[in-house]
Amino acid sequence: MITIISLLIYLLNRVVSAQDIFQPAVISHTMTIIAQDRGGNEARKTISFTAGYVEVKLVLKPEALNINPGVLTAYVKLPPPFGIPRTMNATLDGAAQERWMIDYAGLPEEGLEGPIVVMKFRREDIEKALAERGEMIDTNFIIKGTFDDGTAPFGQMYSFEGKDTITKIVK
């Protein structure tokens, strides 16, 4: 029975994953599995979960990206109903995050009430990732990634995306 449930959830998640990723959607699902034998015995299992893609609020600091230390800090607020992520993987213009942590105070002056996710990205990694695509660093940034807050079934990850700009790049 567990194999059937796993297969059905897997297939349902493939349908959710196939939606247009440019249209943010978090969809709640409830599924009931009924197993019945020839003797008339019956077992039911209902599973509820949320899956999908969300836009996040992103604030980048500092406003001017210097060469030294050359670090951008990304402040990300996950939308409801998501809680604090257990795992988070993200890229900023294609560059992998250096590290991440949770800030429970948030950035109230920027409209980000806690808890928020704080990620660090190095300028040299961003420039290298952009150069591999034939692009140069500018003041516009896109963050993309996945996270798990413990609510998705069987290790599935939620996808997210956010955008922000800074004032200038110091040469």
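Take the residues of the stretch 138-157 that are at pLDDT below 70 and surrounded by 12 or more Cβ atoms within 10 Å (Cβ to Cβ): which is nearest to residue 58 (Cα to Cα)?
To start, the set of residues in the stretch 138-157 that are at pLDDT below 70 comprises 152-155.
With the extra rule that they be surrounded by 12 or more Cβ atoms within 10 Å (Cβ to Cβ), the set shrinks to 152-153.
On the way: 152: 23, 153: 26 Å.
This residue is 152.
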Filter the stretch 158-171 for residues that are modelled with pLDDT under 95, over 21 Å from residue 79 (Cβ atoms) and among the hydrophobic types (A, V, I, L, M, F, W, C) and give the result. 169, 170
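Return a yes/no flag: does the stretch 132-151 have any residue that is acidic (Asp, Glu), touching a Ser or Thr at 6+ places or on another chain (Cβ under 8 Å) and either assigned to a strand (DSSP E or B) or more than 13 Å from residue 75 (Cα to Cα) (or both).
Here is the first cut: in the stretch 132-151, the ones acidic (Asp, Glu) are 132, 135, 138, 148-149.
Those still in the list that are touching a Ser or Thr at 6+ places or on another chain (Cβ under 8 Å) too: 148.
Checking the rest, the ones that are also either assigned to a strand (DSSP E or B) or more than 13 Å from residue 75 (Cα to Cα) (or both) come to 148.
Checking the stretch 132-151: at least one residue is acidic (Asp, Glu), touching a Ser or Thr at 6+ places or on another chain (Cβ under 8 Å) and either assigned to a strand (DSSP E or B) or more than 13 Å from residue 75 (Cα to Cα) (or both).
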Taking interchain pairs and intrachain pairs at least six residues apart, which have beta carbon atoms under 7 angstrom, with the first residue in the stretch 150-164 and of a type in the set (A, V, I, L, M) and the second modelled with pLDDT under 65? 152/49; 152/51
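Residue-wise test of (1) out of contact with any Leu (no Cβ under 9 Å at 6 or more places or on another chain); (2) exposed (fewer than 12 other Cβ atoms within 10 Å of the Cβ).
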position	(1), (2)
88	yes, no
122	no, no
136	no, yes
162	no, no
Hits in the stretch 73-82 (condition: under 29 Å from residue 29 (Cα atoms) and either under 12 Å from the mean Cα position of the chain (by Cα) or buried (at least 17 other Cβ atoms within 10 Å of the Cβ) (or both)): 76, 77, 78, 79, 82
Would you check if residue 103 is surrounded by 15 or more Cβ atoms within 10 Å (Cβ to Cβ) and among the acidic types (Asp, Glu)? no
When only residues in the stretch 39-72 that are within 16 Å of the chain's Cα centre (by Cα) and under 20 Å from residue 94 (Cα atoms) count, which is surrounded by the fewest Cβ atoms within 10 Å (Cβ to Cβ)? 55
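If a residue must be in contact with a helix residue (DSSP H, G or I) (Cβ under 8 Å, 6 or more places away or on another chain) and part of a strand (DSSP E or B), how many such residues does the stretch 70-103 contain?
The initial filter retains those residues of the stretch 70-103 that are in contact with a helix residue (DSSP H, G or I) (Cβ under 8 Å, 6 or more places away or on another chain), namely 70-72, 75, 91-96, 98.
Okay, now just the ones that are also part of a strand (DSSP E or B), so 71-72, 75, 91-92, 95-96.
The number of residues fulfilling the criteria is 7.
The values are calculated or read from the model by the stated rules, or taken from the named source; none is laboratory data. Please read all numbers here as calculations on a predicted model, not as lab measurements. Cβ: placed from backbone, ideal geometry, glycine included. Neighbour counts: every protein chain shown.
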